[in-house]
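Contents: one structure, followed by commentary.
Every read-out reported here was derived from the displayed coordinates using simple, explicitly stated rules and does not represent laboratory data. These numbers were taken from a predicted model, which means no experiment stands behind them. Methodologically, a virtual Cβ is constructed for each residue, glycine included, from the backbone with ideal geometry; neighbour enumeration extends over all protein chains shown.
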Amino acid sequence: MEKTLSKFENGKFVNPFSDFFNHEEVKSIKDVWNYITKRPKILPLTEHEKAVVHPVLAPDFKLINSDYNYESTIKSTWIGHSTCLIQMEGYTFITDPVWSKRCTPLPYFPFGPHRYRDPACSIKELPKLDFVILSHAHYDHLDYDAVLEISKLQPTCHFYVPKGLKGWFHSIGINNVDELDWWQEMTYSRVDNNESGNNSGDENNNNNNNNNNNNNNNNNNNNNNNSLTLVYTPANHSSQRGPLDRNKYLWGSWCVIGKNKRFYFSGDTADHDTLFKQISHFYGPFDFSLIAIGAYDLNRDFMRSCHINVEEAVRIHQELNSKKSFGVHWGTYLLSSEPILEPPQLLVKESQKAGLKENEFCVTKIGETLVIQSDNNNNISSNISD
């Protein structure tokens, strides 16, 4: 199986999976404006729904900070949207840290999608982080204030970002950052028990090595007890922070590979026939995956080109050969017109339709910690039931 490589032409990355985001900015801004102004109004959560159905819980830091079996256990705490605190193989990292009230370049003005469910905790309350993985530069995934606060409060925390974004991080004073191209690998290891660092010498850029003889049985088995392999993998999406930088930064997904466990984070993505099969072929099967299930919109004409819906998410879970998956990218920001609570409701229906086991692909309340365990027969169980 071939790897789809990133393309960089005329100062911009080009989406090899879709032409939707490869056109000129003027046309895309018009598309976005029409989408925003013509979409139906989203009904807010009722007080009952806020308190019972979709509450924000204080994280159980006793559970989060407790010891666990590195060979059999992964812990995941949903902070909100696509922000999850992940603990595996003795390491702690966070995905797409976003704490802002609005996803916008103008945070102090009433412009852009607003947050209707608060983060589960403050950045100050987070445990010690080894690193951050960032999928792409959109404002609901890259939060200027959040990454800056993490860097100031936890100066040893390392940032892994898409190709093209390293300069942006340097411009705001964050220097412990590495940028990766699609299929590029980096090894993260602790310097000692009290200090974290990136073993930047252990870097393997697979972007120019399209070795089709590799398979998921012989890839990435070189980890020792003190390291993780981070791989930046493709996604069918785009990237932008301002009117003049469309697709100047790469976008993608992440695989984190340890000696015992394999983790996948989808970031934002549209569907594609072979994309997720490629990722599974080279780096699966996965023990645990974070897969977006929201912001698909009732009118799919616009959003199908950038966000998967729930039915597609379930199929992607299967194509990834993920043993356990968790739905993110819903229930936090007003990004599209589907009812706020529809994604988890559809997830139950689509999982049953696809023949998944109960809770094989699940959601939790914001702030809850999902503890995923496997036994000697590779059976998966967790502490959360829908």
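Listing for the model above:
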read-out: Alpha-carbon centroid distance for the pair region 281-300 / region 71-149, whole angstrom; value: 18
read-out: Neighbour-count ranking [beta-carbon atoms within 10 angstrom, fewest first] of LYS323, LYS128; value: LYS128, LYS323
read-out: In order through region 270-282: 3J(HN,Hα) via Karplus (6.51 cos²θ - 1.76 cosθ + 1.60), integer Hz, x for Gly, Pro; value: 8, 6, 6, 5, 10, 3, 6, 5, 4, 4, 5, 4, 8
read-out: Calculated from backbone phi, Karplus (6.51, -1.76, 1.60) coupling profile of region 159-171 in Hz, x at Gly/Pro; value: 10, 10, 9, x, 4, x, 9, 4, x, 4, 5, 4, 5
read-out: In region 95-176, chymotrypsin sites (Phe, Trp or Tyr not before Pro) in a DSSP loop with at most 14 other beta-carbon atoms within 10 Å; value: TYR108, PHE111
read-out: Separation between Cα centres of region 336-359 and region 159-188, rounded to whole Å; value: 34
read-out: From phi via Karplus (6.51, -1.76, 1.60), per-residue ³J(HN,Hα) for region 93-98 in Hz, x at Gly/Pro; value: 9, 10, 9, 5, x, 9
read-out: Solution diffusion estimate, µm²/s, Stokes-Einstein, region 52-376, Kirkwood Rh from C-alpha pairs, 4 °C, viscosity 1.567 mPa s; value: 66
read-out: For PHE8, residues with placed amide H under 5 Å, excluding near neighbours; value: VAL14
read-out: Relative exposure of ARG262, ARG246, judged by other C-beta atoms within 10 Å (fewest first); value: ARG246, ARG262
